[in-house]
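The values are calculated or read from the model by the stated rules, or taken from the named source; none is laboratory data. Since the structure is predicted, the reported quantities are computational estimates derived from the model, not experimental observations. With ideal geometry, Cβ positions are generated from the backbone for all residues, glycine too; neighbour counts draw on all protein chains shown.
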Amino acid sequence: MSDEVKRGIDQTLRHALDVAATPPQQRSEEPVPRWTLKRLVRWVKETFAIDCSRETLRKLLKELGFSWKKARKLLNKANPEQRVAFLKTLEKLLDDALHERCLVVYLDEAHVHLDTDEGYGWSICGQRFWVSSSSLA
């Protein structure tokens, strides 16, 4: 493959890794789906008009310093103003519950099933593959 194609693949994957690790509140764009070999074959064909196999791309990605690995969730920092407002509301609710003016039911699921699916993808060898939590809290 030409140097132009290699550069294009390298830049595209590195950009996707940067976007995936950026908290949703700070992103200017949505993250692209994980780059699988199947998606990459299609992208190379559409972008550079080159037919190549998954194995060719796998070897190229290894040559460029990428490896297939499990992603790790990167937790986001909460918005301090929202947290202060929530604590004020919670304080009043807890006071009302203490004096039997209301009933408080507490469920702690902490977006376990709604948050980021770590999954697998191509990442830089020797570095963690971070995927930012999709939680905005």
### Query
What's the number of the condition THR22 fails, among (1) of a type in the set (Val, Ile, Thr); (2) touching a residue at least 24 places away in the same chain (Cβ under 8 Å); (3) assigned to a helix (DSSP H, G or I)?
(3)
### Message
It is to be established whether one or more residues within the range 38-47 are at negative phi, in contact with a helix residue (DSSP H, G or I) (Cβ under 9 Å, 6 or more places away or on another chain) and in a loop (DSSP other than H, G, I, E, B).
### Response
no
### Query
Does LEU64 qualify as being surrounded by 15 or more Cβ atoms within 10 Å (Cβ to Cβ) and in contact with a Leu (Cβ under 6 Å, 6 or more places away or on another chain)?
no
#### Entry: Residues satisfying the stated conditions in the range 68-87, i.e. polar (S, T, N, Q) and either modelled with pLDDT of 95 or more or loosely packed, with under 12 Cβ neighbours inside 10 Å (or both)
GLN82
## Note on the structure
The lone condition GLN11 fails out of (1) part of a helix (DSSP H, G or I); (2) polar (S, T, N, Q); (3) within 22 Å of ARG128 (Cα to Cα); (4) in contact (Cβ under 8 Å) with a residue 12 or more places away in the chain is (4)
### Message
Being surrounded by fewer than 16 Cβ atoms within 10 Å (Cβ to Cβ) and more than 16 Å from GLN127 (Cβ to Cβ) is the filter here; which residues of the range 13-35 pass it?
### Response
PRO23, PRO24, GLN25, GLN26, ARG27, SER28, GLU29, GLU30, VAL32, PRO33
### Checklist (1) under 20 Å from the mean Cα position of the chain (by Cα); (2) of a type in the set (Asp, Glu); (3) at pLDDT 95 or above applied to ASP115, failing item
(3)
